[in-house]
Number of protein chains: 2
Amino acid sequence: MKKHNFYAGPAILPKSVMQEAAAACVDFNGSGLSVLEISHRSADFGAVMEEAEALVRELLGLGDEFAVLFLTGGASSQFFMSAMNLLASDAKAAFVNTGRWSDKAIVEAGQFGTVEVIASSEDKNYAYIPKDLAIPADATYLHITSNNTVTGTQYHSFPVTGKPLVADMSSDIFSRPLDMSRFGMIYAGAQKNLGPAGTTLVILRKDLLGKTERAIPTMLDYNTHIKKASMFNTPPAFPIYVAMLNMRWIKANGGVEAMAKRNAAKAALLYDAIEASPNFHCPIAKEDRSVMNAVFMPTDESRTAEFIEKAAEAGCIGVKGHRSVGGFRASMYNAMDIASVQALVDVMNAF
Amino acid sequence: MKKHNFYAGPAILPKSVMQEAAAACVDFNGSGLSVLEISHRSADFGAVMEEAEALVRELLGLGDEFAVLFLTGGASSQFFMSAMNLLASDAKAAFVNTGRWSDKAIVEAGQFGTVEVIASSEDKNYAYIPKDLAIPADATYLHITSNNTVTGTQYHSFPVTGKPLVADMSSDIFSRPLDMSRFGMIYAGAQKNLGPAGTTLVILRKDLLGKTERAIPTMLDYNTHIKKASMFNTPPAFPIYVAMLNMRWIKANGGVEAMAKRNAAKAALLYDAIEASPNFHCPIAKEDRSVMNAVFMPTDESRTAEFIEKAAEAGCIGVKGHRSVGGFRASMYNAMDIASVQALVDVMNAF
């Protein structure tokens, strides 16, 4: 039976990408060697790194003012590294708190400078995205979480401020076009729309560096990795290779504009089914619902486990809600076909 | 033609491990899903993490006093994390400088406490391991690099001190049995004897923590990862999975005792051939020559490129010396068969 993978992350990747990755584990580029055993300084792997960076630049339309880095440590490491590198001890960063992940980013940044939470949706269990923000004039940047995997909200337009946006886009990078003139930094753990777990993409406007005098360990300094094009030390070669394959797939399938259309169609199908059903409801403000992660609740809570079981019987796995929220969550990243969403909707309609 | 992979790292892994890894990229455990797309919180992946930790413990005979962590960022990140977590600002760590990697560890640790280099082989281009160390009574630990990939030296016995050893074993972990009562911490980037690039093994005596009051970002605090068994955030799932497969292979092939015998036989074959040849010589003190990475020089420097070409014609790749050393380097990690070393020796004898 076909499995429909609704996991929030690590998450679905295109079948063709998985097959290419498997082939390269045995013989990479006809070299007779596995991609897992070649030097990161070899010409074959150098080409992977170059293509990976070039694809990020092409898919998002990045100018030379941006550096593109493939690091490790997940978005969780960027929570502190972004502040450590961008925020002087006597300076201030503004944050919007839209739930679990922004909250962590706020805590970690607080070790390096002043942190001002200018808006929060905590008052309604993070079921909406705060708007009409007042950005302090002395803020160095505004940090947001563009898509919230746990609660199922997403910025569908980005706040207009005079400040560079620093955005955690772990769960919606490459899902849509971006106006990059608004962003100072974007970071994303790979394991949703970008690739398998094990690498973290950082896109950074280089002129934002050099504002702090603090001593930074070499591996935590963005300049280290910019100077060496993410090859200061051995990079996580295979995760980057698979991310590169996945970006090739995005490009071959029309780029981020096509992904945005594809994702909107899937989300519409699912949210319409939720609205139409007496058995389910979505607790999230309509205009802020995530295209990537739909969170929905059963009308009758006692039937939660039953629905998860019915879904699994139809091959729909990973639909259990986050432990802090309950209910259901269906993640529909780029690689998911609309047929998989239809399979879940069929289970809902039959329920 | 069979390729004999002498790369220093990322490096050779067993063929069977590569084939299992490839199969899991398409269908993991018969689940119908790739290992690249399953949740790190799934039962299937939880079993991988548990088996990986159990294999580390079994292969090295670790007691409960040790934590076993799978982190990211390479040994380069442990250079500063070890000091950040273990060394109080007013305390001292002793270091032996055996070349490039110890030197980096010394620099990074200096940001967090007093660093005293108690011995160095810099006077002879790092061609030996300093012995007869005098450890300052007030040192918290002694840091060493157990095997030096660049210069080709290795500790064949470990310094006896009253202090815990903190050892960078990136290039010889699991190559031999260890008397763990001597070690406070061992760290290793995976990409030599452990697995593919992308994860870093940390073995740590838990009682060494808690000696510093400094504020540590959550992701850099060993306690964070100990409490969550390396699953505080999404771990580098595939690199850990492949490392686990490789440790299964080590166990199935007799464990680290058998690896030590196998590695000694390969090294003897190659070093004997170097000694016997008028065309090559080894600049490293005999008793300190690395079993993992043999560094050797041509008698006639002008024939360096010619030898690398002849080796490549026989399928022996990755034998070019490190750029800072020149000459040749043959890395013979666990997974390399003695037949591959013989293939290189044949090229040397015919040269």
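Tabulated values for the structure
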| item | result |
| --- | --- |
| Evaluation of A:I250 against (1) within 14 Å of chain B (Cβ to nearest Cβ); (2) out of contact with any Asp or Glu (no Cβ under 8 Å at 6 or more places or on another chain); (3) open to solvent by less than 10 Å² (accessible area, probe 1.4 Å) (one fails), failing number | (1) |
| Residue in segment B:221-240 that is charged (D, E, K, R), in contact (Cβ under 8 Å) with a residue 12 or more places away in the chain and surrounded by fewer than 22 Cβ atoms within 10 Å (Cβ to Cβ) present | yes |
| Sole exception among (1) part of a helix (DSSP H, G or I); (2) outside the structural domain of B:L60 (by TED's automatic domain parsing); (3) under 30 Å from B:A22 (Cβ atoms) for B:M336, by number | (1) |
| Pair list, Cβ < 7 Å and 6+ apart or interchain, from segment B:1-22 residues that are in a loop (DSSP other than H, G, I, E, B) to residues that are charged (D, E, K, R) and open to solvent by 20 Å² or more (accessible area, probe 1.4 Å) | B:A8/B:R329; B:G9/B:K192; B:A11/B:K192 |
| First in segment A:30-45 and within 12 Å of A:T234 (Cβ to Cβ), second anywhere and of a type in the set (V, I, T) and in a loop (DSSP other than H, G, I, E, B), Cβ under 6 Å, 6 or more apart | A:H40/A:T234; A:F45/A:I38 |
| Checklist (1) in contact (Cβ under 8 Å) with a residue 60 or more places away in the chain; (2) closer than 25 Å to B:T145 by Cβ; (3) more than 9 Å from chain A (Cβ to nearest Cβ) applied to B:A197, failing item | (3) |
| Residue in segment A:52-71 that is within 7 Å of chain B (Cβ to nearest Cβ), under 26 Å from B:S230 (Cβ atoms) and either basic (K, R) or surrounded by 23 or more Cβ atoms within 10 Å (Cβ to Cβ) (or both) present | no |
| Filtered residues of segment B:186-220 (kept if open to solvent by 20 Å² or more (accessible area, probe 1.4 Å) and more than 26 Å from B:F112 (Cα to Cα)) | B:Q191, B:K192 |
| Residue among B:S16, B:S34 that is closer than 29 Å to A:D44 by Cβ and facing chain A (nearest Cβ under 10 Å) | B:S34 |
| Test result for A:A139, open to solvent by less than 10 Å² (accessible area, probe 1.4 Å), of a type in the set (G, A, S) and away from chain B (no Cβ under 14 Å) | yes |
| Total residues in segment A:202-218, condition within 14 Å of another protein chain (Cβ to nearest Cβ) and either closer than 19 Å to A:A188 by Cβ or among the small types (G, A, S) (or both) | 2 |
| Among the candidates B:D103, B:D90, residue that is of a type outside the set (S, T, Y), within 14 Å of chain A (Cβ to nearest Cβ), free of Cβ contacts under 8 Å to residues at least 60 places away in the same chain and open to solvent by 10 Å² or more (accessible area, probe 1.4 Å) | B:D103 |
| Verdict on A:I274 being farther than 29 Å from A:W249 by Cα, in contact with a strand residue (DSSP E or B) (Cβ under 8 Å, 6 or more places away or on another chain), surrounded by 23 or more Cβ atoms within 10 Å (Cβ to Cβ) and more than 14 Å from chain B (Cβ to nearest Cβ) | no |
| Whichever residue in segment B:5-51 is open to solvent by 20 Å² or more (accessible area, probe 1.4 Å) and aliphatic (A, V, I, L, M) and, among such residues, is nearest to A:F6 (Cα to Cα) | B:A43 |
| Test: A:F183 is of a type outside the set (D, E) and open to solvent by 10 Å² or more (accessible area, probe 1.4 Å) | no |
| Residue under evaluation A:F80, criteria (1) more than 10 Å from chain B (Cβ to nearest Cβ); (2) at pLDDT 95 or above, criterion not met | (1) |
| Lone unmet requirement of (1) touching a strand residue (DSSP E or B) at 6+ places or on another chain (Cβ under 7 Å); (2) surrounded by 15 or more Cβ atoms within 10 Å (Cβ to Cβ); (3) modelled with pLDDT of 95 or more for A:H281 | (2) |
| The one condition in (1) crowded, with 23+ Cβ neighbours inside 10 Å; (2) among the hydroxyl-bearing types (S, T, Y); (3) within 11 Å of another protein chain (Cβ to nearest Cβ) that B:S171 fails to fulfil | (3) |
| Condition check for A:S290: in the same structural domain as A:S324 (by TED's automatic domain parsing) and surrounded by 19 or more Cβ atoms within 10 Å (Cβ to Cβ) | yes |
| Within segment B:297-351, tally of residues that are open to solvent by less than 40 Å² (accessible area, probe 1.4 Å), closer than 24 Å to B:A190 by Cα and within 14 Å of another protein chain (Cβ to nearest Cβ) | 15 |
| Residue check, A:D221 away from chain B (no Cβ under 14 Å) and of a type in the set (D, E) | no |
| Test: residue in segment B:157-165 that is aromatic (F, W, Y), open to solvent by less than 20 Å² (accessible area, probe 1.4 Å) and either in contact with a Pro (Cβ under 9 Å, 6 or more places away or on another chain) or in contact (Cβ under 8 Å) with a residue 12 or more places away in the chain (or both) | no |
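The values are calculated or read from the model by the stated rules, or taken from the named source; none is laboratory data. Just so it is clear, the structure is predicted and the values come from calculations on it, not from any experiment. In this analysis, Cβ positions are derived from the backbone assuming ideal geometry, glycine residues included, and neighbour counts consider all displayed protein chains. The protein model used for the area step is the full one, side chains on, heavy atoms only, and it has no ligands, DNA or RNA in it. Shrake-Rupley method; radii C 1.70, N 1.55, O 1.52, S 1.80 Å.
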